[in-house]
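One structure is given below, encoded as structure tokens.
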Amino acid sequence: MFLTTVKTRKLCEARNSWHSGWWGLKSILLLVSMALPFLLPSEFVQIYGEIARIGAGIFLFLQLVSVVHFITWWSHYWIPDEEIKHRYWQRRSLGIFMSTLFYVASLCGVVYMYKSYASRSSCSLNIFFITWTAILLAVMMAVSLHPKVNRGLLSSGIMASYIVFLCWCAIRSHTQLECFFAHVLVRLDKGFLLAIFSIVIAAFSTGIDTKCFQFSKNKEGQEDAVPYNYGFFHMVFSLGAMYFAMLFISWDLNNSARKWSIDVGWASTWVKVINEWFAATIYLWILISPVVRQNKVMDDNDGTTPQEIADFVMV
């Protein structure tokens, strides 16, 4: 689908009809693609598994970029600049309320994880994961409120909730059962369908969110232009399929996964932990990068006017 729809620009193109229709033929191709792996040699499947690891990592990165882009947009919408007069105070008051709500939820999540997954001194790894997450929350809050950054608390609050969620998922993925309270030991198959549904939604939203992956501004769209990049959409879903494959085998190509379980094991735990740390790093860089670039411009300034400096930083 990626190869046959890439570079589609107009709604009148035949590839647009192929993207949006031909469901009978697509159903046949789906059945063939499901049966074909059983006929392939195991060596080929093993090679695809190694490729799928890389593709799954790329999918996580694209999903992270999309999440950060959404958080930035949402923060700007609820806490707009003073120049935006339309319902300014109403939206800003609601933004402050949402900031408080997200930070309270994040702190409650940290306390819950300490109580449920780090109640014993032998659970040192869980204690480390949760403590480091709490430190990241404090750092993001401090950087957001720094006078040179001054980005408010809404975006950092949403990001704090997101990394707390990633920490919780990481802890639940490993198999150190003695660190779990009995009331949180639920059957893994109850969350199986929910995990699949959430990943499909993430793949769909990332696939159509092409604006946050553009490195240059495009020309104004035309009336007969496609609503989003079809090629990128299918590429994201192909990477999402690789991510699905890694979840079903818990990122381990050599061992079979437990029946009706998804994303369980030490490999899955470390993938989520690294994803959490990487997400916090990317967000902190987004906060401080304008200050760093402005300082660099000021240091290298050789007669440039302040307005030119400001224009460069805004880029």
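The values are calculated or read from the model by the stated rules, or taken from the named source; none is laboratory data. All values reported here derive from a predicted model rather than from experimental measurement. So basically every Cβ, Gly included, is an ideal-geometry build from the backbone, and we count neighbours across all protein chains shown.
For this structure, a couple of remarks:
- Close pairs (8 angstrom Cβ cut-off, 6 or more residues apart or separate chains): crowded, with 16+ Cβ neighbours inside 10 Å in segment 1-15, of a type in the set (A, V, I, L, M) anywhere: Thr8/Val226
- Residue within segment 30-49 that is within 17 Å of the chain's Cα centre (by Cα), touching a residue at least 12 places away in the same chain (Cβ under 8 Å) and closer than 20 Å to Phe244 by Cα present: no
- Cβ-Cβ under 6 Å pairs, at least 6 apart or on other chains, segment 136-148 side of a type in the set (A, V, I, L, M, F, W, C), far side assigned to a loop (DSSP other than H, G, I, E, B): Val143/Val149
- Residue selected from segment 250-305 under the condition hydroxyl-bearing (Ser, Thr, Tyr) and within 17 Å of the chain's Cα centre (by Cα), by the criterion modelled with the lowest pLDDT: Ser268
- Elements of type helices (runs of 4 or more DSSP H) in segment 1-79, at least 3 residues being among the polar types (S, T, N, Q) and farther than 30 Å from Trp251 by Cα: 14-20
- Here the condition is being at positive phi and either under 22 Å from the mean Cα position of the chain (by Cα) or modelled with pLDDT of 85 or more (or both); of Gly152, Gly109, it holds for Gly152 alone.
- Taken together, the residues in segment 1-25 that are under 18 Å from Phe237 (Cα atoms), out of contact with any helix residue (DSSP H, G or I) (no Cβ under 9 Å at 6 or more places or on another chain) and at pLDDT 85 or above amount to 1.
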